[in-house]
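Data first, discussion second: the structure below is written as structure tokens.
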């Protein structure tokens with residue numbers, strides 16, 4: 001079956017940048033392409049949007065089909081149609097991104113992708129299919145800027161966590177080491193955390209545990225803040 | 001001439017939400033559609049992306065063709081492909097937005113649009129073509145959230161301006177009245193402004209004039225801030 005139009009139309013795809021936090025490292029979900037073009041190269045999970053399919057629905061469908069990862073809250077990143085970005089011709093793609101708890105979202109390959117894997121951000125493949133390295137770079141920048149004005153960590157950390165665990169999360173996203181005292185002072189000032197009773201069973205001095213103040217978390221998610229780290 | 005593809009493809013368009021500040025009011029640039037569908041209704045300027053045309057290039061081209069407005073720095077807003085959004089069938093659109101000094105960007109109609117007009121945000125048409133009312137709403141929200149973490153005004157205000165003029169700009173964007181003392185205190189704390197000598201020729205007590213500290217403006221544009229208004 002073929003489809004004929006009066007004017008040229010682009011093929012339209014979606015791609016997903018899924019960052020996964022495993023408690024210590026930030027990773028990104030990639031698939032190894034099973035078919036041409038770029039067969040054997042690593043790429044972002046994604047594929048063609050179906051006729052009259054909502055774009056976000058398409059992104060989640062492709063993500064699950066190619067990697068088994070589902071129940072993810074994705075946000076639209078941007079759309080790119082730079083001429084020459086796809087050897088097959090005129091292809092426009094809309095990219096989505098998400099940051100998830102890796103342990104809640106194990107990945108597996110599929111028919112379209114011969115493998116799906118979580119790559120540490122420090123050990124990315126040398127070559128990506130298409131312009132996926134560029135899309136990933138934009139997603140990293142978006143995520144880094146997001147942590148400065150939106151609370152984050154609710155679904156990424158255990159229910160009770162130490163300030164060290166929280167700091168490690170921020171360091172993983174920002175890709176840099178933060179001053180411990182400075183981080184703690186600034187974070188505590190936002191009143192986002194509630195302290196939890198210290199553990200009593202351990203012999204060494206136990207670290208203070210915290211949970212998020214859910215009401216404050218929602219409030220700051222809505223109105224934003226400035227976390228100058 | 002016709003174009004045939006193996007799989008269905010969407011028609012792909014771009015739309016521009018151009019906000020214009022005229023020194024007292026916030027306006028938005030709309031065109032009245034000359035052709036079906038929605039002939040006679042007001043719409044965002046935009047149109048079909050050409051084959052292998054960069055998306056932002058397409059948006060600027062359509063903007064100039066339909067309204068005469070050019071030399072605008074647009075940012076991508078989002079892409080929407082909700083089924084049924086266009087009576088012609090499967091049409092995906094990428095929306096761009098910008099905030100410009102209205103006096104520097106007069107608008108005129110064209111062949112595709114029988115009229116182009118700046119509408120005050122408080123006097124918008126009752127009906128828009130397509131889902132353009134929704135796209136405009138998303139752009140308004142994006143602009144409102146942007147003023148809370150990015151400096152703005154450099155190209156919108158005269159080179160030297162009073163705090164009242166600055167406050168009016170923020171009130172126009174946010175669509176609400178701000179407390180004068182509160183606004184001034186918080187804004188001055190950001191060290192974004194340099195005071196200029198008061199005018200000497202006027203008989204009444206002249207208002208203090210300010211300019212932006214360009215270096216600080218660039219710095220805050222890059223790293224963001226939190227303007228809690």
Given (1) within 14 Å of another protein chain (Cβ to nearest Cβ); (2) in a helix (DSSP H, G or I); (3) more than 26 Å from residue A:52 (Cα to Cα), residue B:135 misses just (3)
Kindly indicate the residue of segment B:92-101 that is within 14 Å of the chain's Cα centre (by Cα) and within 16 Å of residue B:44 (Cα to Cα) and also farthest from the other protein chains (Cβ to nearest Cβ) among those meeting that condition.
-> B:100
Odd one out for residue A:87 among (1) in a loop (DSSP other than H, G, I, E, B); (2) out of contact with any strand residue (DSSP E or B) (no Cβ under 8 Å at 6 or more places or on another chain); (3) under 18 Å from residue A:26 (Cα atoms) | (3)
Inspect segment B:207-222 for any residue being without any contact (Cβ under 8 Å) to a residue 40 or more places away in the chain, more than 25 Å from the chain's Cα centre (by Cα) and not assigned by TED's automatic domain parsing to the domain that holds residue B:142 and give the result as yes or no.
-> no
Residue B:32 vs (1) farther than 28 Å from residue A:93 by Cα; (2) out of contact with any strand residue (DSSP E or B) (no Cβ under 7 Å at 6 or more places or on another chain): all pass except (2)
Could you count how many residues in segment B:8-29 are in a loop (DSSP other than H, G, I, E, B) and either modelled with pLDDT of 95 or more or out of contact with any strand residue (DSSP E or B) (no Cβ under 8 Å at 6 or more places or on another chain) (or both)?
-> 5
Selected residue (only one of B:150, B:208 is surrounded by fewer than 18 Cβ atoms within 10 Å (Cβ to Cβ) and touching a strand residue (DSSP E or B) at 6+ places or on another chain (Cβ under 7 Å)) | B:208
Among the residues of segment A:156-165, is there at least one that is under 19 Å from residue A:96 (Cα atoms) and assigned to a loop (DSSP other than H, G, I, E, B)?
-> yes
Select, from A:119, A:130, the only residue that is in contact with a strand residue (DSSP E or B) (Cβ under 9 Å, 6 or more places away or on another chain), touching a residue at least 40 places away in the same chain (Cβ under 8 Å) and part of a loop (DSSP other than H, G, I, E, B).
-> A:130
Could you say whether any residue in segment B:102-111 is closer than 27 Å to residue A:75 by Cα and outside any loop (DSSP other than H, G, I, E, B)?
-> no
Within 21 Å of the chain's Cα centre (by Cα), more than 14 Å from chain B (Cβ to nearest Cβ) and assigned to a helix (DSSP H, G or I): does that describe residue A:63?
-> yes
Which condition number in (1) touching a helix residue (DSSP H, G or I) at 6+ places or on another chain (Cβ under 9 Å); (2) more than 14 Å from chain B (Cβ to nearest Cβ) is the one that residue A:77 fails?
-> (2)
Before we move on, is residue A:177 surrounded by fewer than 14 Cβ atoms within 10 Å (Cβ to Cβ) and in the same structural domain as residue A:94 (by TED's automatic domain parsing)?
-> no
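Conditions (1) buried (at least 16 other Cβ atoms within 10 Å of the Cβ); (2) over 25 Å from residue B:49 (Cβ atoms), marked per residue:
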{"site": "A:79", "(1), (2)": "yes, no"}
{"site": "A:86", "(1), (2)": "yes, no"}
{"site": "A:95", "(1), (2)": "yes, no"}
{"site": "A:99", "(1), (2)": "yes, yes"}
{"site": "A:103", "(1), (2)": "no, yes"}
{"site": "A:107", "(1), (2)": "yes, yes"}
{"site": "A:117", "(1), (2)": "yes, yes"}
{"site": "A:125", "(1), (2)": "no, yes"}
{"site": "A:130", "(1), (2)": "yes, no"}
Would you please name the residue that is surrounded by the fewest Cβ atoms within 10 Å (Cβ to Cβ), looking only at residues in segment A:1-41 that are touching a helix residue (DSSP H, G or I) at 6+ places or on another chain (Cβ under 8 Å) and over 21 Å from residue A:79 (Cβ atoms)?
-> A:24
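The values are calculated or read from the model by the stated rules, or taken from the named source; none is laboratory data. Keep in mind the model is a prediction, meaning the values are calculated, not measured. All Cβ positions, glycine included, derive from the backbone under ideal geometry; neighbour counts span all protein chains shown.
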